[in-house]
Amino acid sequence: MTDANPFAPLFEPLKIGPVTARNRFYQVPHCTGLGHANPQAEAALRATKAEGGWAVVCTQEVEIHPSSDISPYLEGRLWDDADIPAHRLMTDAVHEHNSLAGIELVHNGHHAANLNTRIPPMGPTHRPTDLYHPVQARAMDKRDIKQLRQWYVDAAKRSRQAGYDIVYVYAGHNMATLMHFLLPRFNDRCDEYGGSLINRTRLLKETLCDVRDAVGADCGIALRLAVDELLGDGGLQASDEGSEIVSMLADIPDVWDVNISGWDNDSATARFEPDEGYQEQYTSFVKKLVSKPVVGVGRFTSPSAMLSQLNRGVLDFIGAARPSIADPFLPNKILQNNLEAIRECIGCNICVSSDNVVAPIRCTQNPTMGEEWRRGWHPEFCVKTKHAEQTLVVGAGPAGLECALQLTRRGYQVMLADGEKDVGGRLLHESQLPGLASYRRVRDYRHQQLSVLPEVDLLLDNRLSATDIIETDIAHVFVATGARWRHDGLGRQHPKGLHVSENSLPVYTPDDIYAGQQLPEQVVVYDDDHYYLGAVIAESLHASGHQVTIVTPANCVSAWTEHTLEQHKIQARVIKLGVRVITAQALSSVNHDHVTLSCVYTEQTRAHPADAVIMVTSRIPVDSVYDELRSAQLSGSSSIKNIHRVGDCLSPSTVAAAVYSGHLAARELGTDESQLMFMREMVQPLK
């Protein structure tokens, strides 16, 4: 890169204590759902980030002792020397690409119930543990505090032995003992570790100094600190104690990694924080108080926004978790001025949900995320086919677009057909709803990439029948015709559907909303889907002047979004808007002037007035074309070699699942690989 390049400052090296980062792109610690149980997959994932240009690549949180057991969640572990070889896999892989490897050491305190080790949790004072576990953390005495400091020293030395260049002390997200000591609501001690802010900061300062003394000559020392909890007077605030803590510790760490707490604020979805750099208002003060480099996050995807952070003295490093997941090669694409090829994070938090459900990480934009080792997938390259045959993809929604793109990258000729006048499928509709505009990025990236490829013949406003497809004489056909929402209420609560009386009030689905159907005044949205759509439709209808009630058999609105860190915000929003919320009630019948609700616990029924119902329960694949093609193939009346269903046409699910399905089908065309075959991490018995 020359000095004439406007983004040159993003590629200037910068020292972090005794080590030097080759540029300003910094993958901050983030979970993967892989952790200590999948060290080879973890190493391959982080190595891909380093290959893509991230100068610093960090682990997720790494437990330093069995008394910080976050089971069942799969984070990192460095309990003793036996854990070092697994970490060596990661550091060696990152170093191969000239990047620095960072490790986030943590003791979780009352955030961890120690379900596996069964060691009583501990913290500043007696407090219940998180997540409603019927377990209470005991108050730490002076001996415990001394031991905790030693555990950090031991873990730091093991980190150095494992090859890490940067060692973190973690006091963020309300998930760490060191942060718990900072907060008066968790720390009511009367000794030198409680009371005043100086006392509450004492353990963090001592631990930082201990770690610096132990490995600071060889490793950069990082402090990850939440400087504001967004709780007002009820929590840590940047304008008050947050800035005082930074001033107290200013010169101790080699790099400051600053953010906001809790995790739902730090990793807020685009639905609630649509703008890049949204944390700047809380963290920008840090650079004014410290002389060491500062890294921060804000779901950065625009090089201009990144450069602005540096030029205005807000940050020294552009920190990223989710943008580095959506596009591990984001730095290299900026370096090569290939900005249109960036897969921008959409802020959906499907990556976060994986950790929360204890599953390997996934990404809506990047279907290779988490598959680097077990399937050998690379985000930028595919194995080329030796036979550049013609293929046909029917349907240009998220699955069809991804399938077509990967087929072209493998060297196939692609005809992509869709019955609509634009590509995108469900993305075009959902992205028009409140807070979901970023979902269009999934469509826009793939459409842009396909539009410049001569191997693609895009046929829009062209609804192909099975006969049309057979007549093309194309050997490989991928059917991505999507799914439609059901009117009959069939779903989790009603596996056989529900009763709709004759002359009942009208029943609609999200598809009717997308089509612009005019609805009467009083609307009941029945949500047995439990993801984002029911609440978003309720919000949209309220904005257009309807009286809206959202009914769900779950105990809260959009229950599954607890995993994407937005359930509380979703329910708060609809309540504040004036949407009536009825939980733990099933819709049991639809009548001519009302609906009947049934308590999911007692089955007691009650009537609720309504003029219309919107069913958000389940979808049925639109697969008639596939069925006809399959029948023709089996009967010998078609020359088609391979017919595949992909995306919602195969199995209605998330947008991330649809993209993955299209990607998988394209990768496996012409190979002997079974869809269920991938490498597994195997536990070797001790000798």
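The values are calculated or read from the model by the stated rules, or taken from the named source; none is laboratory data. Remember, it's a predicted structure, so these values are computed and weren't measured experimentally. Because the Cβ atoms are built from the backbone with ideal geometry, glycine has one as well, and the counts that use them run over all protein chains shown.
Cβ separations smaller than 6 Å between residues 6+ apart or across chains give the following pairs from the stretch 433-458 residues that are at negative phi and in contact (Cβ under 8 Å) with a residue 40 or more places away in the chain to residues that are in a helix (DSSP H, G or I) and of a type in the set (S, T, N, Q): Leu433/Ser540; Pro434/Ser540; Leu453/Thr408; Glu455/Thr408; Val456/Thr408. When we screen Leu178, Leu223 for residues that are touching an Asp or Glu at 6+ places or on another chain (Cβ under 9 Å), in the same structural domain as Asp144 (by TED's automatic domain parsing) and under 25 Å from Tyr73 (Cβ atoms), the only hit is Leu223. Number of residues in the stretch 578-604 that are within 20 Å of Pro495 (Cα to Cα) and of a type in the set (Asp, Glu) equals 1.
Filtering the stretch 613-667 to residues that are charged (D, E, K, R) and under 30 Å from Thr596 (Cβ atoms) leaves only Arg619.
All conditions in (1) over 26 Å from Ser302 (Cα atoms); (2) assigned to a loop (DSSP other than H, G, I, E, B); (3) at pLDDT 95 or above hold for Asp422, with the sole exception of (1).
Here is the figure for the stretch 88-124: residues that are under 24 Å from the mean Cα position of the chain (by Cα), farther than 26 Å from Ser67 by Cβ and not in a helix (DSSP H, G or I) total 2.
Per-residue answers, yes or no, for (1) touching a residue at least 40 places away in the same chain (Cβ under 8 Å); (2) in the same structural domain as Ala112 (by TED's automatic domain parsing); (3) touching a strand residue (DSSP E or B) at 6+ places or on another chain (Cβ under 9 Å); (4) part of a helix (DSSP H, G or I):
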{"site": "Asn23", "(1), (2), (3), (4)": "yes, yes, yes, no"}
{"site": "His36", "(1), (2), (3), (4)": "yes, yes, yes, yes"}
{"site": "Ala44", "(1), (2), (3), (4)": "yes, yes, no, yes"}
{"site": "Gly53", "(1), (2), (3), (4)": "yes, yes, yes, no"}
{"site": "Cys58", "(1), (2), (3), (4)": "yes, yes, yes, no"}
{"site": "Val62", "(1), (2), (3), (4)": "yes, yes, yes, no"}
{"site": "Pro72", "(1), (2), (3), (4)": "yes, yes, no, no"}
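Restricting attention to the stretch 643-664 and to residues that are among the β-branched types (Val, Ile, Thr) and either part of a loop (DSSP other than H, G, I, E, B) or touching a Cys at 6+ places or on another chain (Cβ under 6 Å) (or both), the residue that is farthest from Leu490 (Cα to Cα) turns out to be Val646. Quick one: which of Arg667, Arg630 is of a type in the set (Lys, Arg), out of contact with any Cys (no Cβ under 7 Å at 6 or more places or on another chain) and in contact (Cβ under 8 Å) with a residue 12 or more places away in the chain? Exactly one of Arg667, Arg630 is of a type in the set (Lys, Arg), out of contact with any Cys (no Cβ under 7 Å at 6 or more places or on another chain) and in contact (Cβ under 8 Å) with a residue 12 or more places away in the chain, namely Arg630. Residues being surrounded by fewer than 19 Cβ atoms within 10 Å (Cβ to Cβ), hydroxyl-bearing (Ser, Thr, Tyr) and free of Cβ contacts under 8 Å to residues at least 40 places away in the same chain are entirely absent from the stretch 287-301. When the stretch 542-569 is filtered for residues that are closer than 22 Å to Gly262 by Cα and in contact with a Phe, Trp or Tyr (Cβ under 7 Å, 6 or more places away or on another chain), the ones remaining, listed by number, are Ser558, Trp560, Thr561, Leu565, Glu566, Lys569. Report whether or not Val255 is under 25 Å from Asp191 (Cα atoms) and buried (at least 24 other Cβ atoms within 10 Å of the Cβ). Answer is no for this residue. Of all the listed residues (Arg645, Arg580), the sole one being crowded, with 21+ Cβ neighbours inside 10 Å, touching a strand residue (DSSP E or B) at 6+ places or on another chain (Cβ under 7 Å), under 29 Å from Asn349 (Cβ atoms) and among the charged types (D, E, K, R) is Arg645.
How do the helices (runs of 4 or more DSSP H) wholly within the stretch 525-642 filter down when requiring 1 or more residues that are closer than 30 Å to Gly670 by Cβ: which remain? In the stretch 525-642, the matching helices (runs of 4 or more DSSP H) lie at 624-635.
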